[in-house]
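Rule-based calculations on the coordinates, nothing more; no lab input. Since the structure is predicted, the reported quantities are computational estimates derived from the model, not experimental observations. Ideal geometry is used to build each Cβ from the backbone, glycine not excepted, and the neighbour counts take in all protein chains shown.
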Amino acid sequence: MICDKCGQEIKPVEAPNRFSFKGWEFKVWVKRNKESLRLMLSVGVGLFAAWMVGFENFATSGAVGTLATAISKLILDAFDYWISK
């Protein structure tokens, strides 16, 4: 087809494939989900710390897990701030 106004050839537009990963990038996904990833990582560190202490004394392992979660979240947030500035 030829455009009536400019006289150039018009190429037909292809409809995108709905189930295609064309154009998807891992680093874009990470940037868009960094809050969730930081939270999951800090919770994982806290659970691992509680597991390492042992579950015989539930109060101690819960306290250590909570403290490890808070400290790891603080470190991850500080690292993200340092990278972004």
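With 10 angstrom as the radius, rank 35, 56 by how many other C-beta atoms surround their C-beta, starting from the fewest.
Ordered by Cβ neighbours within 10 Å, fewest first: 56, 35.
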To the nearest 20 debye, what charge dipole does the stretch 31-84 have about its Cα centre, counting +1 at the Cβ of each Lys and Arg and -1 at the Cβ of each Asp and Glu?
280 debye
Using a Cα-Cα cut-off of under 27 Å, which lysines could be cross-linked to residue 31, ignoring same-chain neighbours fewer than 8 residues away?
22, 73, 85
Report, to the nearest 10°, how far helix 58-84 tilts away from the longest principal axis of the Cα atoms in the chain, using its own Cα long axis and a range of 0 to 90°.
40 degrees
Within straight-line cross-link reach of residue 5, lysines at Cα separation under 29 Å, skipping those fewer than 8 residues along the same chain
none
Between helix 34-53 and the chain, what is the angle of the helix's C-alpha long axis to the longest principal axis, kept within 0 to 90° and rounded to the nearest 10?
20 degrees
